[in-house]
Amino acid sequence: MLKKRYSLYLLVFFVCFGLGEIHAQSRAVISGNVSDQFGNLPGARITIEGTEKSITTDVNGNYLFNVEEGEYVVSAGFVMYTTVSKSVVVKVGDTAVVDFVLETGFSMDQPISLGSRAKPTSLLQNTAAVDIISPQQLSNSSQIELSHILHYLIPSFHSTHQTIADGTDHIDPATLRGLGPDQVLVLVNGKRRHSSSLLNVNGTIGRGSVGTDFNAIPIASIERIEVLRDGATSQYGSDAIAGVINIILKKQTEIIQVDNRAGITTEGDGLSVYSSANFGLKIGDEGYINVTAEYRDRESVNRAGNYTGTVYNDDPAIDNVLIEQNNFFGQTGYSGRRVMEIGSAETQNLTLSFNGEIKMSDKATFYMHGGRNYREGRSKGFYRFPKDQERVVLELFPNGFSPEILTDIQDDAVTGGIRGVKNEWDVDFSHSIGINRLDYTVNNSNNASLGIASPRTFYAGGFIYKQNTTNLDISRTFDWLSGVNIAFGAELRVENYQIVAGEEASYIDGGSTFFNDLGEEVPRVAGAQVFPGFPPESELNRFRTNTSGYLDVEANLTDQLLVRGALRYESYNDFGEQLIGKLSGRYRINDDISVRAGFSTGFRAPSLHQVYFQNISTQFINGESLQVGTFNNESAIVTEAFQIGNLKPELSSHFSAGISGKFSDDFTFSVDYYQIDIDDRIVLSGRFAEGYEAILEPFNVGAAQFFTNAIDSKTTGADAVLFYKTPLAEGEFNASLGANITRTQVKGPIKVSPALVGQEEVLFNREEIARVEYGQPRYKVNSLLSYEIDKFRFQLVNTLFGEVKFIHPNDGDQANWVLNEFTGNIETRDQTFSPKLVTDATISYQINDYVRCTIGGNNIFNVFPDKHTHSANTDDGNFMYSRRVQQFGVNGANYFARVLLRL
């Protein structure tokens, strides 16, 4: 019965679709070819002005429209190419051929949708700076993860792999202009993207914050990316303090694109395999559906050093004998004397996504996009040595063990909406659903408190974050003055955050004990080693709502002067209300140069994760392990013992000014200055232990930490972008140079509660201050050189990363300096890591219209960050490179081969 019903549905669908196709048949045809100087240009968009007709060229650069007789203006365009329009008259039975030869253009000439709710305008006409990552840059990138593509193309964007950081090993924190991951808003096709369920609580960039998982979005689905480098909370809502990144998905329907790559490091590890397929189908004359499948498999990279500490006994003489007897280093699974895996974790991704539109009437279009990303991650923790019997059950692991954290991450997103025109007003109504779930499994470990009854594998629990967003946007352009656009709208957002408990064995205290060297009976540590599971009392399921409304007006007072103003009213059911605004302007000095400036205020409510997250984790401080409890603001420990009240929203102000233009038809530039002040920034505190032992004892933890509005900050900086192109020896040479200089300072004293006066250095110590001020490069310069001639394309990308600093929490007082075994001196553990230049290179050859082959390398000169110069920072030789501050990771040189098919 079910089979017959589906057969009937399919029959009705195909009959209706077929009738639609028959009804759509027209009496004339417009067709042609689009090419550039190197040949056919597949994927170019062809439109007929004054209609909704739009199509992309096929793999041979061809297109075809069925039309009624009449006169039409046909336009051909492609991102980073100059759009060309031609008129044509067709009569019944005619087939008009309209060919186009496009020339490459500049990013500032391209229409951009960010920063304005009027019709798309170019950067020269906008009041804020916007970067465009073009289809060519995406297609020619040597990276296979979206966060890394942006890292090497946008100077103000920062994202690298983390190590020994639990779930953060598998979801890369990403920042803009040196701020936090939760201070940049991510849009997909102009609609808010949900954040991850993971809260970064380890010692990485973005500690205490939640970001968007960029790598859950398949590269093959993206047409282009716009990056608004300006405060925009009044325009787009909370989180847009540092800026907005809008990912625009492909619409093409005439091409099947298949991409296969494989690469490996010169060390022989880190094998990466990438495969993707993208294709589109037309729906009627004016609708489409574009579908992408993507697979990424990245093996781990290990850059650990040789372990120099003890294994079985704290007496080195005894320990060395036992190491030889048990062949310890031979059985760990690592080469040499390594006992850890430090570098980048193993991950496997599978993604399916879609983007489409269906024409409902002459004035209404239904659109939708979404997809699912599933990721499995595997990373290692600190080695548990047999000498640490409080953590190791020797009957199960006589030589200790290297515990593994396995993650299962599922990221789902779907957006649907209707866009149309009503009484000359543009109306857009949409609803988006985003869900991110992360589950932890601990493998090759034990719960020492269970003794020999302990399992070796545990489900430790996880997190779920859900976001439902409904938007209504209305706008209209009037012919007042030199053009006035009025836009207004509303947003309703419902969020849900959950913590899921692990299995009982992952967290329970089984009561097992052991006898130490003094003959004393000592309890073993409860919970799975490396990541204790969430107990039932940590489970939670919290909701909140946010409603907002905005008014956005932009007026061209003259042909040269544009003024834009925006107001937004935000109301949270748990964090009150706020009115924020923005005023900006742009003045065109002439056709080629314009200046701009703007001032805005911002508002970011604490994330649900920051408000409610709680867990117990094992943290290693100066080589010693410690059970640390993170308590939320509902906990009596936080509210009573530490007298920390409810979290407050972050308030910000943003000033920017810039100039952009063309030196000539071949040379463009853009320079911008910015200052961002943030009050009451939310941070994760330091660890409170001494003096709180009695309070912490019932929780079986040695220290407590929590979230609080502890600091104010000031960020100043500048961005500069140059583009140059010119014909050269029968080919075309393109060059771009982008630079960002940024400096963040923690302003004034650390804000503490009355109960913590005098403990400012504990609440937010010098290491945490340095993480905000020096943890990301204070400057970065990206350059891209490319040369295309005949069937060859050569590309060279250089990225200069500025210095970063590690500041040890206790080394502010010289009395705390310790012996450096490398130099034999008593020295500070503070270290500045010098600037580094990383070079990527590729060579591509277009075999025919369908096949392009590429070979290339990332970091071809095998550049690494500076090594630790103080022995105490290496944790007994394990960490050759810093895991606290990173410029570009520690993978070293990586070489790859690629085959791209367009069918």
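Among LEU567, LEU579, which is the only one that is more than 23 Å from ASN700 (Cα to Cα) and surrounded by 15 or more Cβ atoms within 10 Å (Cβ to Cβ)? If you could, list the steps in order and put the result at the bottom.
Values: LEU579 fails: surrounded by 15 or more Cβ atoms within 10 Å (Cβ to Cβ).
Going through LEU567, LEU579 in turn, the sole match is LEU567.
With (1) over 23 Å from GLY270 (Cβ atoms); (2) at pLDDT 95 or above; (3) of a type in the set (Ser, Thr, Tyr) as the list, and THR127 as the residue in question, which single condition is left unmet?
(2)
Looking only at region 466-510, which residues are of a type in the set (Ser, Thr, Tyr) and part of a strand (DSSP E or B)?
THR469, THR470, SER475, THR477, TYR497
Could you tell me which numbered condition ARG177 fails, if it satisfies all but one of (1) at negative phi; (2) modelled with pLDDT of 95 or more?
So ARG177 meets the others, but not (1).
Hey, among ILE318, ILE323, ILE289, which residue is within 30 Å of the chain's Cα centre (by Cα), of a type outside the set (Gly, Ala, Ser) and surrounded by fewer than 21 Cβ atoms within 10 Å (Cβ to Cβ)?
Selected residue: ILE289, the only one of ILE318, ILE323, ILE289 that is within 30 Å of the chain's Cα centre (by Cα), of a type outside the set (Gly, Ala, Ser) and surrounded by fewer than 21 Cβ atoms within 10 Å (Cβ to Cβ).
Just wondering, is there one or more residues in region 201-213 that are among the β-branched types (Val, Ile, Thr) and modelled with pLDDT of 95 or more?
Step one: filter region 201-213 for residues among the β-branched types (Val, Ile, Thr), giving 201, 204-205, 210, 212.
From what's left, modelled with pLDDT of 95 or more: 210, 212.
Yes: one or more hits.
Filter region 626-653 down to residues that are small (Gly, Ala, Ser) and part of a helix (DSSP H, G or I) and give me whichever is nearest to SER234 (Cα to Cα). Spell out the reasoning first.
Our first condition is that a residue be small (Gly, Ala, Ser); within region 626-653, this holds for 629, 635-636, 641, 645, 652-653.
Checking which are part of a helix (DSSP H, G or I) leaves us with 636, 641.
Values: ALA636: 36, ALA641: 38 Å.
Among those residues, the one meeting the criterion is ALA636.
In region 84-132, what residues are in a helix (DSSP H, G or I) and of a type outside the set (D, E, K, R)?
Hits for region 84-132 are SER107, MET108, LEU123, LEU124, GLN125.
Give me the strands (runs of 3 or more DSSP E) completely within region 811-903, filtered to those with at least 3 residues that are under 31 Å from the mean Cα position of the chain (by Cα), ordered by residue number.
Correct list: 831-833, 836-846, 851-858, 894-902.
What tally of residues in region 347-397 results from selecting those that are within 30 Å of GLY270 (Cα to Cα) and touching a helix residue (DSSP H, G or I) at 6+ places or on another chain (Cβ under 6 Å)?
Within region 347-397, residues that are within 30 Å of GLY270 (Cα to Cα) and touching a helix residue (DSSP H, G or I) at 6+ places or on another chain (Cβ under 6 Å) number 3.
When the residues of region 149-174 are filtered to those that are modelled with pLDDT of 95 or more and small (Gly, Ala, Ser), which remaining residue is farthest from the chain's Cα centre (by Cα)?
Here the residue is SER156.
Considering only region 756-789, how many residues are more than 16 Å from PRO155 (Cα to Cα), assigned to a loop (DSSP other than H, G, I, E, B) and in contact with a strand residue (DSSP E or B) (Cβ under 7 Å, 6 or more places away or on another chain)?
1
Residues checked against (1) free of Cβ contacts under 8 Å to residues at least 60 places away in the same chain; (2) over 30 Å from the mean Cα position of the chain (by Cα):
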{"site": "VAL595", "(1), (2)": "no, yes"}
{"site": "ALA605", "(1), (2)": "no, no"}
{"site": "SER617", "(1), (2)": "no, no"}
{"site": "PHE620", "(1), (2)": "no, no"}
{"site": "LEU626", "(1), (2)": "no, yes"}
{"site": "PHE631", "(1), (2)": "no, no"}
{"site": "ILE637", "(1), (2)": "no, yes"}
{"site": "GLU640", "(1), (2)": "yes, yes"}
{"site": "GLY645", "(1), (2)": "no, yes"}
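For region 704-731, which positions are surrounded by fewer than 19 Cβ atoms within 10 Å (Cβ to Cβ) and either under 33 Å from the mean Cα position of the chain (by Cα) or among the acidic types (Asp, Glu) (or both)?
Filtering region 704-731 down to residues surrounded by fewer than 19 Cβ atoms within 10 Å (Cβ to Cβ) leaves 714, 716, 718, 720, 722, 724, 726-731.
Hits for region 704-731 are LYS714, THR716, ALA718, ALA720, LEU722, TYR724, GLU730.
List the number of the failed condition for ILE676; all other conditions in (1) aliphatic (A, V, I, L, M); (2) surrounded by fewer than 23 Cβ atoms within 10 Å (Cβ to Cβ); (3) touching a His at 6+ places or on another chain (Cβ under 7 Å) hold.
(2)
When only residues in region 14-41 that are among the aromatic types (Phe, Trp, Tyr) and either at pLDDT 80 or above or farther than 19 Å from MET360 by Cβ (or both) count, which is surrounded by the fewest Cβ atoms within 10 Å (Cβ to Cβ)?
Going through the qualifying residues, I end up with PHE14.
Consider SER660 carefully, then state whether it is in contact (Cβ under 8 Å) with a residue 60 or more places away in the chain and among the polar types (S, T, N, Q).
Taking the combined requirement at face value, the residue satisfies it.
Modelled with pLDDT of 95 or more, in the same structural domain as GLY243 (by TED's automatic domain parsing) and touching a helix residue (DSSP H, G or I) at 6+ places or on another chain (Cβ under 8 Å): does that describe GLY581?
yes
Taking region 588-603 as the region of interest, how many residues are buried (at least 17 other Cβ atoms within 10 Å of the Cβ) and under 22 Å from TYR673 (Cβ atoms)?
So the answer is 8.
The values are calculated or read from the model by the stated rules, or taken from the named source; none is laboratory data. As the structure is a computational prediction, the values presented were derived from the model and not from experiment. Quick reminder, even Gly has a Cβ in these numbers, built from the backbone with ideal geometry, and neighbours come from all protein chains shown.
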